[in-house]
Amino acid sequence: MELKLNKIATSENEANNVEKMIIIGAGPAGLSAALYAARAELSPVVITGMSLGGQASLTHTIENYPGFPDGVGGAELGELFQKQAERFGARFEFDNVTEVNFSESPYIVKTYGNEYKAETIVISTGASPNYLGVPGEKELTGKGVSYCGTCDGWFFKDKDIVVVGGGDSALEEGIFLTRFAKSVTIIHRRDQLRAGKILQTRAFNNPKIKFIWDSVVENINGTSAVESVLIKNVNTGVESTFPTDGVFVFIGHTPSTDLFKGQLAMDGNGYLQVDSKMQTAIPGVYAAGEVMDASFKQVVTSAGWGAAAAIQATKYLESKE
Ligand code: NAP
């Protein structure tokens, strides 16, 4: 009896254009989820947002994704992921999600151009770069302030630039920017880097890179372009003006979870909370990648979580049938 009822429900879903799976976001987690769901014949719809490949696509070369001993371009890797998922029937919609409603199944996902209903959802909206929040930052963004070396490095040929931050992103991007810039000064708020040893060694050995330790940027100065930064030494309190043509900010990320406020549980930093099977508190709604990962933030871990979420969603759908 139960089986018959479920079969009726399944055909009703098909008649009502209810998708088996909607994937929100197209970084490594979303694209891997798309591949696994497509291979399970769920014909997933991936709503990509404004870009494909996530933050990884902004990285010039990814050297730690297994299978690419010589490294792979970040954008190229995203395209390969997409191609592989499409080969098995994943569908891509280049649109932004504006609203979701997870109060009852089928779940509703609204975009600028459409309204979708789906039995399962994989959230892989990733994270966006943090801002310094100092005077001059907003005003001079695009006029010398940047959050992406790969995108903007070329504009700083033979210029002097500063990089703010002491993590892997700051060092990786700082090293990349030496291809263009005359000098790269990394300003870090402590006297020890957070970045991994391999990047530290490369940065210390790069003759174009200098460090200013124990210091924070308090102001970004300039009218039509960046001219200098006001720096404060956090130990002595002494302030000084450091001339520069550009400011690249790499001080961590904030998960992109605004859409889900009030519907899904988050930790104090806004990361979605999932169980060991990638599921949120709502049956059939999963999260994968940087939107739920405050610890690892690697392409390979995000891709793994995306695959896990899709496998779990497939099992969930099977259990309903
Ligand atoms: P992160 O590891 O969180 O590092 C952020 C850096 O910015 C830290 O050095 C932090 O200082 C500093 N910072 C934070 N807020 C600041 C503020 N308001 N003012 C000044 N400095 C501030 O972020 P990330 O470098 O973007 O890396 C994120 C994750 O991606 C990490 O897990 C990283 O390993 C990973 N990642 C890996 C690779 C790679 O494997 N090649 C490349 C890029 C990123 P403190 O150190 O004092 O906290």
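Which value in deg cm²/dmol, rounded to the nearest 500, describes the helix-derived mean residue ellipticity at 222 nm for the chain, given -39,500 (n - 2.57) per DSSP H run of n ≥ 4 and division by the residue count?
Computed ellipticity for the chain at 222 nm equals -8000 deg cm²/dmol.
Quick one: accessible area per residue over region 209-297, 1.4 Å probe, rounded to a whole number of Å²?
So region 209-297 comes to 48 Å² accessible per residue, rounded to a whole number.
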Cβ-Cβ cut-off under 12 Å around Val274, Lys and Arg +1, Asp and Glu -1: the net charge is -2
The value for region 131-249 (convex hull of the alpha-carbon atoms, volume per residue, Å³) is 90
Quick calc, the chain, dipole around Cα centre from Cβ unit charges on Lys, Arg (+) and Asp, Glu (-), nearest 20 debye, gives 540
Of the DSSP H helices in the chain, the ones reaching 30 Å or more along their long axis in Cα terms and averaging at least -0.5 in Kyte-Doolittle hydropathy are 299-320
Region 131-249: antiparallel bridges as % of DSSP beta bridges, rounded to 5, reads 45
Per the Cα gyration tensor, region 268-312 corresponds to an equivalent ellipsoid with semi-axes, largest first in Å, of 16, 14, 6
Here region 107-115 yields Karplus 3J(HN,Hα) values (6.51, -1.76, 1.60; θ = phi - 60°; whole Hz; Gly and Pro given as x) of 7, 9, 10, 9, 10, 4, x, 7, 10
Cβ-Cβ cut-off under 13 Å around Gly73, Lys and Arg +1, Asp and Glu -1: the net charge is -4
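Quick one: of Lys20/Lys138; Lys83/Lys143; Lys117/Lys143; Lys157/Lys232; Lys261/Lys315; Lys210/Lys297, which pairs are farther than 32 Å apart, Cα to Cα? Provide the component values of the computation, followed by the final result.
Working: Lys20/Lys138 41 Å; Lys83/Lys143 35 Å; Lys117/Lys143 42 Å; Lys157/Lys232 27 Å; Lys261/Lys315 27 Å; Lys210/Lys297 27 Å.
Beyond 32 Å between Cα atoms: Lys20/Lys138; Lys83/Lys143; Lys117/Lys143.
Would you please put 21-34, 244-257, 123-136 in order of how densely packed they are, using the mean number of other Cβ atoms within 10 angstrom per residue and starting with the highest?
Highest to lowest by the protection proxy: 21-34, 244-257, 123-136.
Taking all protein chains in place and a 1.4 Å probe, what share, in percent, of the accessible surface of region 159-208 do carbon and sulfur account for?
Roughly 46 percent, rounded to a whole number.
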Shape descriptors of the chain over alpha-carbon atoms, Rg and Dmax in angstrom, are 22.2, 77
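The values are calculated or read from the model by the stated rules, or taken from the named source; none is laboratory data. Keep in mind that this is a model prediction, so the values were computed, not measured. In this analysis, Cβ positions are derived from the backbone assuming ideal geometry, glycine residues included, and neighbour counts consider all displayed protein chains. Side chains included, ligands, DNA and RNA excluded: accessible areas come from the protein's heavy atoms. Shrake-Rupley method; radii C 1.70, N 1.55, O 1.52, S 1.80 Å.
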